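Bear in mind that the values in this text are calculations on the coordinates, not laboratory data. Since this is a predicted model, take the numbers as computed values, not measurements. Using ideal geometry, Cβ is built from the backbone for each residue, glycine included, and neighbour counts are taken over all protein chains shown.
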Ligand SMILES: Cc1cc2nc3c(=O)[nH]c(=O)nc-3n(C[C@H](O)[C@H](O)[C@H](O)COP(=O)(O)O)c2cc1C
């Protein structure tokens, strides 16, 4: 399986989202899956912000683009190809100010491309081209934004990711959200990381053998972990 793995935390060795995405890939290998990883650290290779030249070139039909427009779009073209070539996409990121890190938003702006990652069909619909790929979002959050928490209404990250990738054809992405990792006591942080690892193990098992395992249901897994921790 060819996996494009993208990390987006400003932190490096101390990053929880990076550690969790690495853990997930290790789990896939442990499960015996043969994986080829195409790695992108968007904090190092950050796609440029949308410029005027990009905004004009991207909506100019292919056969009307000047050499300068083609040059403007070249890096974005290459990024789209990497996504389209992959069988699965693993995106790991922290929540920053209730949404995605700006480097990941720059990535989204680079990979949302007419004629590449989405197309207009003959009957006038827009069709995303990433419908084939399995997609996993691993997010890390300082607060607890799960249902029932005072912060639950402030989650602008999950809907933004669902909208951006839904437009590209990703109908049913998987989310593993590690929370709370900062605004809580130590026990709650440890439990949040354990819960995330348990969910990732279930997702890995499902990717390796969809027939034998059920898709990971975050709420079911959460209940299991909570039941264990109460014993
Ligand atoms: C600039 C910045 C903004 C943050 N904003 C939020 C936020 O809005 N909500 C939240 O729950 N946590 C927020 N956090 C906390 C991080 O999401 C949390 O510590 C996360 O675990 C970091 O992931 P990492 O270890 O992969 O970097 C913020 C952290 C930073 C550095």
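Once segment 87-100 is narrowed to residues that are near the ligand (Cβ under 8 Å from one of its atoms) and surrounded by fewer than 21 Cβ atoms within 10 Å (Cβ to Cβ), the residue that is nearest to residue 157 (Cα to Cα) is 99. Residues in segment 29-85 that are touching a residue at least 40 places away in the same chain (Cβ under 8 Å), touching a strand residue (DSSP E or B) at 6+ places or on another chain (Cβ under 8 Å) and either surrounded by 12 or more Cβ atoms within 10 Å (Cβ to Cβ) or not in a loop (DSSP other than H, G, I, E, B) (or both): 38, 40, 42, 43, 58, 82, 83, 85. Among the residues of segment 132-178, those that are surrounded by fewer than 16 Cβ atoms within 10 Å (Cβ to Cβ), within 16 Å of the ligand (Cβ to nearest atom), without any contact (Cβ under 8 Å) to a residue 40 or more places away in the chain and not in a loop (DSSP other than H, G, I, E, B) comprise 152, 153, 159. Of the residues making up segment 2-24, those that are more than 6 Å from the ligand (Cβ to nearest atom), out of contact with any strand residue (DSSP E or B) (no Cβ under 6 Å at 6 or more places or on another chain) and touching a residue at least 24 places away in the same chain (Cβ under 8 Å) are 10, 23, 24.
Here is a list: 111, 126. Which entry is away from the ligand (no atom under 12 Å from the Cβ) and loosely packed, with under 15 Cβ neighbours inside 10 Å? Break it down stepwise before answering.
On the way: 111 fails: loosely packed, with under 15 Cβ neighbours inside 10 Å.
One residue alone meets the criteria, 126.
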